[in-house]
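These notes concern the structure reproduced below.
The values are calculated or read from the model by the stated rules, or taken from the named source; none is laboratory data. All values derive from a computational prediction rather than experimental measurement. Virtual Cβ from ideal backbone geometry, glycine too; neighbours counted across all protein chains shown. Accessible surface is based on the protein model in full, side chains and every heavy atom, while ligands, DNA and RNA are left aside. Shrake-Rupley method; radii C 1.70, N 1.55, O 1.52, S 1.80 Å.
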Amino acid sequence: LSADGNLDFIKLAAKSNNPSFLTFSSDKKFLVAINEINENQSGTVELFKYENDTLILVNRQKSGGAHPCFVSCNLANYLLTANYTGGNVGLLKINHQELSPLLFVQQHTGKGSTPRQEAPHAHSAWFLSQTEIASVDLGTNEIWFSTLDTVKNTLVFQYKLLMPEGAGPRHLAVHSNSNLYVVNELNSSISLLKKSTNNKYIIQQTISTLPGNFNEPNTCAHIQLSPDEKFVYASNRGHNSIAIFEINRQNGELKFIAHEPTRGNSPRNFNISPCGKFLLVANQKSNSIVSFLRDKKTGLLIFKDQIESFTPVCILF
């Protein structure tokens, strides 16, 4: 990505078996990738070290369940894996510059009300703080809240929040004021979660990511805050757009601003550059990465460039 938003292919840095999500170690000296394996096996987590402009595999460990689709890292280099088919969350750690074996697995239970919610399907797991964790389960239609016990290296379950029927929560974005914005895959919406008087999250608002006249199939994929936390962006697969919302500074609620076409099919993932100037979209089914200039005042996106990329599913700055 150039200073003006143009894209150019440099080289293949490493090969991995069906990677589905990426994250950095806390010091960004390592890259972590998760790999989907078939239903009868655990997925894997791989640790890569940077050497010049190449990635060198350090080691590989089990993710804790089948079809991992998400991984996150905290400042102490604990890792959370969300295993979709396994319906669970795995805990690992980067120790002495290598991946530890699997430390703990938190198994989810339950189901939702739609055909895709016949069993637990953990879709992402997030550090709300260094020890507070939210696990998003599309299958049970719930957000699971837990704490990390760093002495026993376990996840300690606290409570669950049931989402609107058939919502199918997938990813979330964490605001610095502790508000959570959850993108719901199955009913194409975003839910604002706020802490109540008992310090537990409740649903404050749910708003559609689609125009009112759109009646074709659609599933949401990813959600992200702008670096200044004034806007929320979410991707629509089917409508093939980025939905843009402005955050009300007083109550945190969202106001719809615009839809920006992604110039490709099935935007599974996107990311905003740390400076906030660019937004890059991974169009999984049309094999392209598209860059947009982002207006920091209005939140709107302006198409800049695109490049061919085979089945892109995750973008990391």
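For S63, only one of the following conditions fails: (1) of a type in the set (S, T, Y); (2) free of Cβ contacts under 8 Å to residues at least 60 places away in the same chain; (3) open to solvent by 10 Å² or more (accessible area, probe 1.4 Å). What is its number?
In the conditions (1) of a type in the set (S, T, Y); (2) free of Cβ contacts under 8 Å to residues at least 60 places away in the same chain; (3) open to solvent by 10 Å² or more (accessible area, probe 1.4 Å), S63 misses (3) alone.
Could you check how many residues of the stretch 201-231 are closer than 24 Å to K160 by Cα and open to solvent by less than 10 Å² (accessible area, probe 1.4 Å)?
3
Take A82 and tell me if it is closer than 29 Å to S288 by Cα, open to solvent by less than 30 Å² (accessible area, probe 1.4 Å) and either β-branched (V, I, T) or free of Cβ contacts under 8 Å to residues at least 40 places away in the same chain (or both). Full working, then the answer.
Numbers: closer than 29 Å to S288 by Cα: yes; open to solvent by less than 30 Å² (accessible area, probe 1.4 Å): yes; either β-branched (V, I, T) or free of Cβ contacts under 8 Å to residues at least 40 places away in the same chain (or both): no.
No, not satisfied.
Go through the stretch 86-129 and report how many residues are part of a loop (DSSP other than H, G, I, E, B), open to solvent by 50 Å² or more (accessible area, probe 1.4 Å) and modelled with pLDDT of 95 or more. Break it down stepwise before answering.
Step one: list which residues in the stretch 86-129 are part of a loop (DSSP other than H, G, I, E, B), which gives 86-87, 96-97, 100-103, 108-114, 118-121, 128-129.
Still in the list and also open to solvent by 50 Å² or more (accessible area, probe 1.4 Å): 96-97, 101-103, 109, 111, 113, 118.
Right, trim to modelled with pLDDT of 95 or more and you get 101-103, 109, 111, 113, 118.
Selection size over the stretch 86-129: 7.
Among the residues of the stretch 299-311, write down those that are open to solvent by 50 Å² or more (accessible area, probe 1.4 Å), modelled with pLDDT of 95 or more and of a type outside the set (K, R). It would help to see each step written out before you state the result.
First pass over the stretch 299-311, keeping only residues open to solvent by 50 Å² or more (accessible area, probe 1.4 Å): 300, 302-304, 306, 308, 310-311.
Now restrict to residues that are modelled with pLDDT of 95 or more: 300, 302-304, 306, 308, 311.
Within the stretch 299-311, L300, I302, F303, Q306, E308, T311 qualify.
When the stretch 156-172 is examined, which residues are found to be open to solvent by 10 Å² or more (accessible area, probe 1.4 Å), touching a residue at least 12 places away in the same chain (Cβ under 8 Å) and either farther than 15 Å from S189 by Cα or in a strand (DSSP E or B) (or both)?
Selection gives F157, Q158, Y159, K160, L161, L162, R170.
Just for the stretch 267-298: of the residues that are of a type in the set (G, A, S) and buried (at least 20 other Cβ atoms within 10 Å of the Cβ), which one is nearest to the chain's Cα centre (by Cα)? Talk me through it step by step, then tell me what you get.
Step one: list which residues in the stretch 267-298 are of a type in the set (G, A, S), which gives 273, 276, 282, 286, 288, 291.
So of that shortlist, the ones also buried (at least 20 other Cβ atoms within 10 Å of the Cβ) come out as 282, 288, 291.
Numbers: A282: 13, S288: 19, S291: 19 Å.
So the residue we want is A282.
Please pick out the residue among S288, S273 that is in contact with a Pro (Cβ under 8 Å, 6 or more places away or on another chain) and either under 24 Å from T206 (Cβ atoms) or touching a residue at least 12 places away in the same chain (Cβ under 8 Å) (or both).
Working: S273 fails: in contact with a Pro (Cβ under 8 Å, 6 or more places away or on another chain).
Selected residue: S288, the only one of S288, S273 that is in contact with a Pro (Cβ under 8 Å, 6 or more places away or on another chain) and either under 24 Å from T206 (Cβ atoms) or touching a residue at least 12 places away in the same chain (Cβ under 8 Å) (or both).
Which residue is farthest from L102 (Cα to Cα), if the candidates are limited to the stretch 32-82 and must be in a loop (DSSP other than H, G, I, E, B) and of a type in the set (G, A, S)? If you could, list the steps in order and put the result at the bottom.
To start, the set of residues in the stretch 32-82 that are in a loop (DSSP other than H, G, I, E, B) comprises 36-43, 52-53, 63-67, 74-77.
Now narrow it down to the ones that are of a type in the set (G, A, S): 42-43, 63-66, 76.
On the way: S42: 11, G43: 11, S63: 7, G64: 7, G65: 11, A66: 14, A76: 16 Å.
Among those that are in a loop (DSSP other than H, G, I, E, B) and of a type in the set (G, A, S), it is A76.
Hey, H259 hits all of (1) in contact (Cβ under 8 Å) with a residue 24 or more places away in the chain; (2) surrounded by fewer than 21 Cβ atoms within 10 Å (Cβ to Cβ); (3) in a loop (DSSP other than H, G, I, E, B) but one; which does it fall short on?
All conditions are met except number (3).
All but one of (1) touching a residue at least 40 places away in the same chain (Cβ under 8 Å); (2) surrounded by fewer than 23 Cβ atoms within 10 Å (Cβ to Cβ) hold for T147, so report the exception by its number.
Every condition holds for T147 apart from (1).
Test F145 against the stated conditions and say whether it is modelled with pLDDT of 95 or more, among the aromatic types (F, W, Y), over 19 Å from the mean Cα position of the chain (by Cα) and in a strand (DSSP E or B).
Working: modelled with pLDDT of 95 or more: yes; among the aromatic types (F, W, Y): yes; over 19 Å from the mean Cα position of the chain (by Cα): no; in a strand (DSSP E or B): yes.
Here the answer is no, as F145 does not meet what is asked.
Looking at (1) surrounded by fewer than 19 Cβ atoms within 10 Å (Cβ to Cβ); (2) over 21 Å from L280 (Cα atoms), which is the one condition that is false for S2?
(2)
K15 versus (1) charged (D, E, K, R); (2) over 17 Å from E98 (Cα atoms); (3) open to solvent by less than 20 Å² (accessible area, probe 1.4 Å): which is the lone unmet condition?
(3)
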